Structures are given as structure tokens and as C-alpha cells.
Amino acid sequence: MAALDKSGAGLGDHMSQQSEPLPADWSADNEMQSTTPFDALVDVFQVRQYFNLLLGATDLAGRMLRDAGFVDEVRRAVVTLPFDRRPKVPVSFPPAERHLPGPGSGRLGLVATGGSGALATIIGVVRALEEAGGSISVYSLCSGGALFGFPLAAGLSSQETAELIMGLEPGEYIDVSWRAMARAVPSLGRGWAGILRGDKLERYYRRHLGDLTLGQLHTPAYAPIWNIESNRLEYLGPRTHADLPVARAIRMAVSLPLFLEPVP
């Protein structure tokens, strides 16, 4: 036991010889202040904020590109330059696949959400059914889906509907309400409802669909709208507004506050 005590004392003496006393003014804050800006930059607790910043910058860049694209479309509709002419792109679907499975028994309904031009996928769905020998029995459309679904419900084939959409030029649907926008400035936006009037869009579809009404559709189709006068949700379709022209129904379905004026 005495040998162990002596060894322990020797170890303690060795350690005290190797260490130096701390300065009288030393504190833990001094050690924290020795960190560099780079240490703060790579702090693990800041990584999430960096990701948020990156995602926010990406979203902002995407919005700016979309806004710039819309502004350019408006400019082309108002002032068309020689190089603005879009070449007519022929619409061609790939050859039909052989031995496609049939649609099965029973009736098929197509339900589409909103999403502007992304809803062109409706045409592809109908094309696939045409090749498989099937058809849609009823359409449920919403917002941008009305641009494609109502012509299909009117009896146009997928090929004809695709050509209808591809033939739509900016000058045929962009009609900026400059007078309403000018009045909105002094009135702080009161009474202003949207950038576009929507008259040209309705005329374009009326030119291709004529005065066909919802009650005359080849396939029943419905679309929700918000009645701002009665402040309630309504549905456009053969059973609710049979005498409403299809072209007007499309315009009403795609009306969007601050973008496309509501239909009077």
C-alpha cells in the first residue's frame, strides 16, 4: 500500500510540473471569443437556415422568370415584332401501341384539377382512351382544366383539341384592361379586378365552338365557379346552366382575381 501511495504522489508531482498556472484574468469568455468568423459560418446549427435561404432564392428566381415571361407575352400581344411570329408546330401523336388494355366495363369519368397549361395532360388521357377503344362519360373540370376539357366534351377529338390549343397566339387571348389599371392607381385598387378582360379568350373559343351551349355538349361537363355577387359556390354544366354558351363557360371557369376579370 505504501508503494502505491508513493507512486500516486509521484504521478501527481509529474502532472503539476507539466502544467502551468492560468493567468489571473483568464475566463471562459476568452475562449469563446477566440472563434473565427469561419467557425460561425460553418456552425451546424445554421445549416437549416442556409437551406431555407437557398430554397427562397430559387423560388424567387422562378417567380421572376415566370413574371418576365408573362410581361413578354403581354408585350407581344400589344406590339408584335417581325421575329415574334411563332412557327406553326404540327401536332402529331406517337403511333398507337399495340395490344393496349381496354378501359374495362362501366362508365369512366375524368376529374381534373386546376393548373393552367399543365392540364393539357387531359388531352393525353383522352388520346390514350381513344386508342384503347374507350371514352369519357362525364368531365369534372376546374379552372385551367376547362380550357381543354370543354372542347373535348363538345365533341372535338384529342387531335383537334391539341391543334386548337397550339393555335392560340398571345394576341388572341391577351387583352389588358389598361383603362381599369389606370383608374386603380388613384383609387388604391378599389374596383379593379384583373389585368386581363377575358373578351378575346371567349371570342377565340366561340370562333371554334360556335354558339354551342352546355346543354348541347356531346359529353356532360361541369366546372365550379365562385359567384361573387351571392358569395357562394356554383357549378356550370348541362343541368345547372344548359343555355350558357360553352365559350362563356370557359371564360368564367378560368377567371382568377387580379389576373382575369370576373364575368359580369
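The values are calculated or read from the model by the stated rules, or taken from the named source; none is laboratory data. These figures come from a predicted structure and were not determined experimentally. Methodologically, a virtual Cβ is constructed for each residue, glycine included, from the backbone with ideal geometry; neighbour enumeration extends over all protein chains shown. What goes into the accessible areas is simple: the full protein's heavy atoms, side chains included, and nothing from ligands, DNA or RNA. Shrake-Rupley method; radii C 1.70, N 1.55, O 1.52, S 1.80 Å.
Here the Karplus relation 6.51 cos²θ - 1.76 cosθ + 1.60, evaluated at θ = phi - 60°, turns the backbone of the stretch 164-178 into coupling constants of 4, 6, 5, x, 7, 9, x, x, 9, 9, 9, 9, 5, 8, 4 Hz, with x for every Gly and Pro.
Between Glu229 and Asp243, the distance separating the two model label sites (each 7 Å from Cα on the Cα→Cβ line) works out to 1.4 nm. For the stretch 139-155, 3J(HN,Hα) computed residue by residue from phi via the Karplus equation (6.51, -1.76, 1.60; θ = phi - 60°) reads 10, 10, 10, 8, 6, x, x, 5, 4, 10, x, 5, x, 5, 5, 6, x Hz, glycine and proline entered as x.
Of Ala182, Ser158, Val263, whose Cα points farthest to the positive end of the dipole of the stretch 153-264 (charges on the beta-carbon: +1 Lys, Arg; -1 Asp, Glu; origin at the Cα centre)? In the stretch 153-264, that residue is Ala182.
Take 138-147, 233-242 and order them by the average number of nearby Cβ atoms within 10 Å per residue, most first; the result is 138-147, 233-242. Measuring nothing but protein heavy atoms, the accessible surface of the stretch 150-264 at 1.4 Å probe radius is 56 percent carbon and sulfur. For Gly194, the residues 5 or more places off, or on other chains, whose built amide H falls under 5 Å of its own are Leu258. Amide H contacts of Ala221 (H built 1.01 Å from N, in plane; Pro and chain starts excluded): Tyr139 sit under 5 Å, all sequence-distant by 5 or more or on other chains.
The distance separating the Cα centre of the stretch 226-241 from that of the stretch 119-183 comes to 21 Å.
Here the label points at Ser92 and Trp178, each 7 Å from Cα along the C-beta direction, are separated by 4.2 nm in the simple model.
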